[in-house]
Structures are given as C-alpha cells and as structure tokens.
Amino acid sequence: MRSEMPTRAWFAVTTLVALTGLVAQVVATVNTPGARVANLLSFFTIDSNLLVALTAALVALGVARGRLFTVLWLDALVGITVTGIVYQVALAGLYELHGLSLFADTVLHKVTPILFVLGWLLVGPRGALTWPAVRWSLVYPLAWLAFTLPRGALTGFYPYPFVDAGALGYGRVTLNCVFIGLFFIALAAGALLYDRRLTRPGTAQPG
C-alpha cells in the first residue's frame, strides 16, 4: 500500500462501526422478550463482525502480522462478504425490525460489510494472502457449523432457515452448507488472486 496512515485510519473507523453494531445488537436482544443473548454466537453475522472488529483493530494499531493474522483476516473478509450477500439474497425482510434492532441489523449486515470490503479493495493491506491461508480459512465456517448444528439439535434454536435441520432435515441442510462452503472457497480464492494481481511488479495499487 502507498501509505500506512490511510489504511490504519480506515480500519479504525471500521472497528468502531462493527463494535457499535455488536453492542447495539446485544442491547436490543436483552430488551427483546424471549430472546437470549447466548444465541447470538450462533449467528454467522455476529461471528463475522467479531472477526472484522478484531482484525480491523489489529490493522488500525499497526500490529497486523503473522500467519494467524493472515488467516483471521481472510476469514473476516470472506465471512463479512458472505454475510452481506446472503442477507440481501435470502434474509432481508424476513423479520420486521424497529428501533435499535433495525439499527443493529443495518450496521451488521450492510454498513460493516461495505466498509470492510471497500477498505480492503482501496487501501489494503496487501501481499499477505497465500494458498495455505485459503485452506486454513475453511476452519472458520466448519467450526461455525460444528457449533451451530449440534447446539440447534439440543436447544431447538437455529439462527437461519437454511440450517434448520428440524424443519429441513440434515440432507437438505448439508446440501445448503456445501453450496455456501463452495461460495466461501471461491471468494477466498478470488481475494487471493485479486491481491496477487495488485501486488505484481509494475501494477498500480489503490490506497
């Protein structure tokens, strides 16, 4: 990247926005009759926004380095992209939201994804992504499924209709997860190829 300061400033703002959305969602959940804060970690949206807040904060503080960061960064990037796209395609309008719940929903599903992805496209960071990082990034969605599906079987709570094994059956849920997993892999590989294209010698980089 041309300058470190624009990158750090952008992701400092992104960190604050993601944290604002997360806090608003917790407060809205606490104030909603029958809702459980413990269910929030089952939402891919919440987990991806947590990853965004963490990795964006590391970039903002100037301590973003190492293989673990690279994997977490890629997980945040792809996870928040999937969050934004799946929300618009399958989840928008599914629930009627008002007040703080609507604010949190907008920040977590729209504002944070746009800020994080646009920040990466414009200002970096660049040159860190690798094929091993793409492979390791799959641990995140697999871990999410390993947590969400058994918990759903025990509690009856599934965060999204497309993983509701009680309603759809495990065969249909498995197929849905395979499609989303392939989409996740394609986005991760695309991010790597885009990153390498911009870091080739003689290639102009934004930011």
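A few notes on this one:
- Among (1) 0.95; (2) 0.98; (3) 1.03, the entry that matches Rg/Rh (Cα atoms, Kirkwood Rh) as calculated here: (2)
- Counted as membrane-span-like here are DSSP H helices of the chain whose alpha-carbon atoms extend 24 Å or more along the helix's own axis and whose Kyte-Doolittle mean is 1.0 or above; these are 4-30, 44-61, 67-86, 170-199.
- The charge dipole of the chain, taken about its Cα centre with unit charges on the Cβ of Lys, Arg, Asp and Glu (plus for the first two, minus for the last two), comes to roughly 640 debye.
- Over the chain, dividing the summed -39,500 (n - 2.57) contributions of all DSSP H runs of at least 4 residues by the number of residues returns a 222 nm mean residue ellipticity of -22500 deg cm²/dmol.
- Note on Arg65 and Met5: their simple-model spin labels are 2.1 nm apart, each label 7 Å out from Cα toward Cβ.
- Unit charges at the beta carbon, dipole of the chain: most positive-side option, Val17, Thr7, Ser42: Thr7
- Accessible area of the chain divided out per residue, in Å², using a probe of 1.4 angstrom: 51
- Figure note: Leu187, Leu175, Leu154, Leu68 ranked by solvent-accessible area, largest first, 1.4 Å probe, ligands and nucleic acids not counted: Leu154, Leu68, Leu175, Leu187.
- Rounded to the nearest 0.05, the FRET efficiency derived from the C-beta distance between Leu118 and Ala167 at R0 = 45 Å is 0.80.
- The mean sequence distance of close C-alpha pairs (under 8 Å, at least 6 residues apart), as a share of the length of the chain, puts its relative contact order at 29 percent.
- Note on the chain: with neighbouring protein chains present and a 1.4 Å probe, carbon and sulfur make up 70 percent of its accessible heavy-atom surface.
- Peptides ranked, highest mean first, by Cβ atoms within 10 Å: ranges 76-85, 32-41: 76-85, 32-41
The values are calculated or read from the model by the stated rules, or taken from the named source; none is laboratory data. Here the structure is a predicted model, which is why all the values come from computation and not from measurement. With ideal geometry, Cβ positions are generated from the backbone for all residues, glycine too; neighbour counts draw on all protein chains shown. For accessibility, only protein heavy atoms count, side chains too; no ligands or nucleic acids. Shrake-Rupley method; radii C 1.70, N 1.55, O 1.52, S 1.80 Å.
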